[in-house]
Amino acid sequence: MLKIIKAECYKLFHSIYFPTIALTYLLLFTSNLFDSYRRTQNIFEASIRNIAFPYFLILSMGVCFFGTDFDQKTIAFYISAGHKRSEIFLAKAIVFMLASLFITAGSIFVHIFGSIPFLGHTLTAGYVVENMVIIVPALLSMSAIAVLIGFAFKNVGGTLGAGIAVQLIVVAALNSKTNALFFMKYLPVGHSALIVLHKLDEPAMNYITISIIWILVCLMGGYLFFRRADMK
Amino acid sequence: MADYILETKAVSKDYKQTLALDKVDLKLEKGKIYGFIGQNGAGKTTFIRLVTGLSFPSDGELFLWGKSGEKDLQAQRKRIGALIESPALYGNMTAAQNLEVQRIQRGIPDKSVINDMLKLVGLADTGRKKVRNFSLGMKQRLGIALALLNKPEFLILDEPINGLDPAGIVEIRNLLKTLNKEYGMTILISSHILSELYNTATNFIFIDHGRIIEELTHEELNEKCKQYVEVKTPTPDKAILVLSEELKTDNYQLMPDKTIRLFEYLDDLETVATALAKAQILVTGLYVTGETLENYFLEKIGGKADA
């Protein structure tokens with residue numbers, strides 16, 4: 001599996017879409033920061049307040065990462081080279097989820113450290129760690145949804161279409177007038193909203209568990225779609 | 001069992017209501033070049049996909065080097081190199097980078113293999129040119145290089161000469177022959193260009209509607225596609241006497257329609273014509289003819305076109 005992970009990393013670092021999406025994500029993520037900062041208590045909350053907004057870029061990265069691999073049939077190389085499908089799936093999922101985390105969590109840290117020259121040290125390390133413990137699994141579970149979509153549709157069009165649909169459903173659920181808090185608790189992307197609204201009324205472990213369940217369900221689902229699938 | 005690189009026992013594959021392969025029994029021996037001949041949709045690519053693990057048989061059993069079962073098949077596939085249909089390439093990378101991805105995923109420690117392969121297929125001077133800007137022929141060459149990267153014992157090439165110019169076709173043919181001769185590489189090659197397969201393969205497998213309809217060696221095919229001089233005359237008995245006594249040959253056949261098939265003098269019709277004329281035999285037809293591989297194949301599949 002290590003060989004596939006290395007190959008996937010090589011592909012990622014030689015791609016155009018990875019730095020392009022990372023930069024676009026950071027720009028979009030930052031674009032609402034000034035407005036958010038006025039509405040929240042600190043730069044961390046201001047940063048994560050908009051976390052769902054550029055989520056479509058992570059789904060777009062899923063399109064490039066999974067969709068094109070199926071469309072161009074390049075994933076067939078791993079299979080015909082004798083790698084187990086479980087290893088191919090896991091290697092691709094791991095690299096994608098870590099790359100997504102690098103972009104999403106990285107952008108939060110850019111905001112935190114980037115604000116120091118203007119605002120000074122307004123946050124303690126303890127505060128950041130305490131909240132990142134909830135945010136990181138939530139971010140990983142968001143990218144796990146992209147993994148599921150990528151392996152379920154196995155093409156660019158389907159992955160893109162389903163990704164947009166997921167984004168719309170998530171945004172609609174989080175803005176629900178009656179059940180917003182329920183969705184914020186059970187949709188991983190909503191955990192950041194709970195932090196911003198100071199509505200984390202359960203132990204952190206509960207939120208982490210919800211994110212882990214999302215990750216496991218998405219990964220198992222994605223693997224089931226890939227395990228016995230006929231490749232083009 | 002272990003003498004065979006690949007063996008299939010009653011392998012079938014159906015896609016919903018379409019039967020793509022129907023109880024295929026095949027045995028491929030080590031060190032041979034197999035030409036896989038069939039129309040579009042005959043089942044060639046489906047068969048190759050099953051062998052390379054890209055899809056799964058609906059029924060039957062598949063053996064690679066005598067090993068069966070999903071786990072063992074996966075392990076044996078490390079010994080295979082494959083190019084299936086159009087080469088799967090990363091368009092935003094260079095030829096060397098495409099090879100590097102494959103080198104890494106196959107765990108080949110020696111980086112020099114990349115330059116060796118690029119030289120071997122004539123792409124050494126492509127430098128930083130992105131693969132998306134390659135011609136079809138260049139992509140095909142790169143696909144072949146990718147298939148050869150791990151120095152496979154069993155090479156599977158599905159339509160490898162698509163898009164190659166005549167010089168490229170000859171180069172690839174010579175390359176395949178060299179790989180087969182010097183390294184004992186077993187090769188399964190499918191192509192629509194039957195004359196090219198005829199020049200490359202040592203064995204032929206004909207497939208139609210998902211069924212193997214015939215397996216032949218090159219010698220057997222030569223026998224079936226034999227060229228001959230057809231002699232048409234109202235007096236075939238006299239003509240046969242001339243062939244025996246004047247031309248000193250018994251390598252002929254009198255056909256039921258009273259034409260004579262002479263399997264010698266293919267390049268020397270003048271001598272045959274002179275001998276018959278001297279004996280005052282009226283000749284109404286004298287020409288070289290015989291089955292071509294195309295005709296033979298079309299005959300096998302019932303005269304349908306699009307080989």
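Against the main long axis of the alpha-carbon atoms of chain B, helix B:269-278 sits at an angle near 10°.
Each Lys and Arg contributes +1 and each Asp and Glu -1, all at the Cβ; summed about the Cα centre of the protein assembly as shown, the dipole is approximately 2220 debye. Once the chain from B:D3 to B:L136 is taken as fully extended at 0.36 nm per residue, the excess over their C-alpha distance is 44.2 nm. For the range B:166-285, with equal point scatterers placed on the C-alpha atoms only and solvent neglected, what are the log10 I(q)/I(0) values from the Debye formula at q = 0.12, 0.23 1/Å, to two decimals? Debye curve over Cα of the range B:166-285, log10 I(q)/I(0) at q = 0.12, 0.23 Å⁻¹: -0.66, -1.24. Could you tell me the calculated FRET efficiency between A:Q41 and B:R128, based on Cβ-Cβ distance and R0 = 60 angstrom, to the nearest 0.05? It comes out at approximately 0.75.
Loop-resident trypsin sites (Lys or Arg not before Pro) (DSSP state other than H, G, I, E or B) in the range B:1-106 with no more than 16 further Cβ atoms inside 10 Å of their Cβ: B:K16, B:K30.
Checking the Cα-Cα distances for A:K84/B:K16; A:K11/B:K44; B:K71/B:K119; B:K9/B:K111; B:K30/B:K119; B:K67/B:K226 against a 29 Å cut-off, the pairs over it are A:K11/B:K44; B:K71/B:K119; B:K9/B:K111; B:K67/B:K226. Which of A:A172, B:L148, A:F70 sits closest to the plus end of the dipole of the protein assembly as shown, meaning its Cα is farthest towards the positive end, when Lys and Arg get +1 and Asp and Glu get -1 on the C-beta? Towards the positive end, the residue furthest out is A:A172. Once the Cβ-Cβ distance of B:S112 and A:L101 is raised to the sixth power relative to R0 = 45 Å, the FRET efficiency obtained is 0.80. Charges on Cβ only, +1 for Lys and Arg, -1 for Asp and Glu, centred on the Cα centroid of the protein assembly as shown; of B:T52, B:P160, A:L59, which one is farthest towards the dipole's positive end? The residue sitting most towards the positive pole is A:L59. Based on every Cα atom in the range B:41-129, Rg and the maximum pairwise Cα distance Dmax equal 16.0, 47 Å.
Model label sites at B:Q227 and A:L197, defined 7 Å from Cα along the beta-carbon direction, differ in position by 8.5 nm.
The distance between label points at B:L254 and B:T274 comes to 2.7 nm (points 7 Å beyond Cα on the Cα→Cβ vector). Specify the residue with the greatest mean-square fluctuation among B:L262, B:L221, B:L99, computed from a Gaussian network of chain B linking alpha-carbon atoms under 10 Å apart. For chain B, modelled as a Gaussian network with Cα springs under 10 Å, the answer is B:L262.
So how tilted is helix B:166-183 from the main axis of chain B? Cα-based, degrees 0 to 90, rounded to 10. Helix B:166-183 sits at roughly 80 degrees to that axis.
Interface between chains B and A: roughly 2600 Å² of accessible area buried, both sides summed (probe 1.4 Å, protein heavy atoms only). When the trypsin sites (Lys or Arg not before Pro) in the range A:104-192 are filtered for DSSP coil states and for at most 13 other beta-carbon atoms within 10 Å of their beta-carbon, the remaining sites are A:K177. Using the Cβ-Cβ distance between B:N40 and B:S68 with R0 set to 22 Å, the FRET efficiency works out to roughly 0.15. When the Gaussian network model of chain B links Cα atoms closer than 10 Å, the mean-square fluctuations of B:Q74, B:Q253, B:Q17 top out at B:Q17. Compute the label zone of B:D25 within the range B:185-212: residues whose backbone N is under 15 Å from the point 7 Å along Cα-to-Cβ. Once the point is set 7 Å along Cα→Cβ of B:D25, B:211-212 turn out to lie under 15 Å by backbone N, inside the range B:185-212. Largest GNM mean-square fluctuation among B:L26, B:L123, B:L276, using chain B with Cα springs under 10 Å: B:L276. Split the accessible area of the protein assembly as shown by element, probe 1.4 Å, and carbon with sulfur accounts for 58%.
In summary, the helical segments of chain A meeting the span-like criteria, namely a full DSSP H run, a Cα extent along the axis of 18 angstrom or more and a mean Kyte-Doolittle hydropathy of at least 0.5, are A:17-31, A:85-119, A:125-153, A:156-174, A:204-227. Give me the angle, in degrees from 0 to 90, between the Cα long axis of helix B:95-106 and the longest principal axis of the Cα atoms of chain B, rounded to the nearest 10. In chain B, helix B:95-106 runs at an angle near 70 degrees to the longest axis.
Sites listed here are trypsin sites (Lys or Arg not before Pro) in the range B:199-307 whose DSSP assignment is loop and whose Cβ has at most 15 other Cβ atoms within 10 Å: B:K226, B:K248, B:K258, B:K304. Note on chain B: with charges restricted to the Cβ of Lys and Arg (+1) and Asp and Glu (-1), its dipole about the Cα centre is near 1560 debye.
Between B:A75 and B:N295, the contour length at 0.36 nm per residue exceeds the Cα-Cα span by 75.1 nm. Taking 0.890 mPa s as the viscosity and 25 °C as the temperature, the Stokes-Einstein diffusion coefficient of the protein assembly as shown based on its alpha-carbon Kirkwood radius rounds to 89 µm²/s. Where only DSSP H runs of four or more residues are counted, chain B gives -10500 deg cm²/dmol as its mean residue ellipticity at 222 nm, each run worth -39500 (n - 2.57).
The values are calculated or read from the model by the stated rules, or taken from the named source; none is laboratory data. Everything numeric in this text was worked out from a predicted model, so none of it was measured. Every residue, glycine as well, gets a Cβ built from its backbone with ideal geometry; the counts of neighbours run over all protein chains shown. Ligands, DNA and RNA are stripped out before the accessible areas are found, and what is left, the full protein with its side chains, is counted by its heavy atoms. Shrake-Rupley method; radii C 1.70, N 1.55, O 1.52, S 1.80 Å.
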